[in-house]
Amino acid sequence: MSAMPTCVFDDCVCDTFCGMSQEVRGIIAKSKGEPVSMETIVIPDPGPGEAVVAIQACGVCHTDLHYREGGINDEFPFLLGHEAAGLVESVGEGVTNIVPGDYVILNWRAVCGNCRACKRGQAHYCFDTHNAAQKMTLTDGTELSPALGIGAFCEKTLVHSLQCTKVNPAAPPEAAGLLGCGIMAGLGAAINTGQVTRGQSVAVFGCGGVGDAAIAGAQLAGASTIIAVDIDDTKLEWAKGFGATHVCNSKKTDPVEYIQSVTGGNGADVCIEAIGHPDVYKQCFEARDLAGTVVLVGVPNPEMTIELPFIEIFGRGGSLKSSWYGDCLPERDFPMLIDLYLQGRLDLDGFVSEKIALGDVEEAFHKMERGEVLRSVVMIDSK
């Protein structure tokens, strides 16, 4: 891959910035619950520690829909998109981890190295992650809030340089970019948070993109029994393709009883909740073996509450965990998972249900809501 000029302009070969912004197309959520629109956005040239990345592909994630629906916060307008891969176009002063031309996956865990989590060796919990200091705007000067500090449903975006994780450019962007959020969350829920090991039994509740990624992660880790639970037979068929050895339609069969029946009456060693619903979490809690682990990777609605028998929390032992972004460290996990993909050991292509244009994001949200896709992926040509 040839190096690209440091300047933001494609036809410029200078070694420093021309000090001018550029205009690109991007997908904006202007108000709560309203359809998204394609707008012209202004990308400033990168300041200290920042980078401009030319986006090649970006997955359509439930988190983007949550932003549009006002489920994250009310800091409209949002520049949506965050599961992305692309090429570094230009970098700001002091950037040493990337250079123009690098092929990167964008991440939203650019660890600071200085917070209390980082200082105690738990950088995957970093409490002060980096984002770009400057704001992207609409042409009238309205500041945009980038989804998860990225904003990648656009031809180019501005991020902190540490949000750029270099990976093998042999991996196509439509597959690589998915590690930027949901697929990493599921893989990490099994491998990092659940710490699944060889020969264990794993039950995954919810077989969308995150749940199927948890199934793939359990298979990578060597689980011998992997049980997929969902209410949609089509999704259960998809789950088999990622490594599920057993499937249970919880509309037709009690999932707790079924999981016990295929684990010698004991329950699963690790139960992963990939939906974010109190009733499903209770099923996870009841379906695990004594001293087993429950991992919550599904994101609950802020108004939801749960009630569990206190004595059962004590009596069953084990661990009840939450998984934030799959407890990943992008610099550690992204390159490794891309290598596994290139070796044929991790089917990232299987998550790509369709490739779409930048203007098709709204319809992709509807397909997601209807359960028709694992991931729609926006393909972007910024030339």
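The values are calculated or read from the model by the stated rules, or taken from the named source; none is laboratory data. The shown structure was predicted, so the numbers you read here are calculated from the model rather than taken from an experiment. All Cβ positions, even for glycine, are placed from backbone atoms using ideal geometry, and neighbour counts span all protein chains on display.
Given the options 71, 81, 86, name the one that is among the small types (Gly, Ala, Ser), farther than 21 Å from residue 363 by Cα and either at pLDDT below 95 or assigned by TED's automatic domain parsing to the domain that holds residue 351 (or both).
On the way: 71 fails: farther than 21 Å from residue 363 by Cα; 81 fails: farther than 21 Å from residue 363 by Cα.
Step by step, each of 71, 81, 86 is checked, and only 86 is among the small types (Gly, Ala, Ser), farther than 21 Å from residue 363 by Cα and either at pLDDT below 95 or assigned by TED's automatic domain parsing to the domain that holds residue 351 (or both).
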Practice task
Specify the residue that is surrounded by the most Cβ atoms within 10 Å (Cβ to Cβ); the eligible residues are those in the range 110-127 that are of a type outside the set (Lys, Arg) and either part of a helix (DSSP H, G or I) or touching a residue at least 40 places away in the same chain (Cβ under 8 Å) (or both).
Solution key: 110
Practice task
Would you mind listing the helices (runs of 4 or more DSSP H) fully within the range 176-252 where at least 3 residues are without any contact (Cβ under 8 Å) to a residue 60 or more places away in the chain and in the same structural domain as residue 295 (by TED's automatic domain parsing)?
Solution key: 209-221, 233-241
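Considering only residues that are among the polar types (S, T, N, Q) and over 21 Å from residue 199 (Cα atoms), look in the range 253-307 and name the one that is surrounded by the fewest Cβ atoms within 10 Å (Cβ to Cβ). It would help to see each step written out before you state the result.
Step one: of the range 253-307, the residues among the polar types (S, T, N, Q) are 253, 260-261, 263, 266, 283, 293, 301, 305.
If we keep only those that are over 21 Å from residue 199 (Cα atoms) as well, we get 253, 283, 301, 305.
Values: 253: 13, 283: 21, 301: 10, 305: 6.
Checked the range 253-307; the qualifying residue surrounded by the fewest Cβ atoms within 10 Å (Cβ to Cβ) is 305.
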Handout entry: Matching residues, the range 287-321, being part of a strand (DSSP E or B), in contact (Cβ under 8 Å) with a residue 40 or more places away in the chain and not hydrophobic (A, V, I, L, M, F, W, C)
Key = 288, 289, 293, 321
Practice task
Being within 13 Å of residue 28 (Cα to Cα), of a type outside the set (Ser, Thr, Tyr), outside any loop (DSSP other than H, G, I, E, B) and touching a residue at least 60 places away in the same chain (Cβ under 8 Å) is the filter here, so list the residues in the range 132-152 that pass it.
Solution key: 138, 146, 147
Practice task
Restrict the check to the range 345-354 and report whether at least one residue is in contact with an Asp or Glu (Cβ under 8 Å, 6 or more places away or on another chain), at pLDDT 95 or above and not in a helix (DSSP H, G or I).
Solution key: yes
Handout entry: Pair list, Cβ under 8 Å, 6 or more apart: the range 335-353 residue in the same structural domain as residue 106 (by TED's automatic domain parsing), other residue surrounded by fewer than 16 Cβ atoms within 10 Å (Cβ to Cβ) and outside any helix (DSSP H, G or I)
Key = 353/372
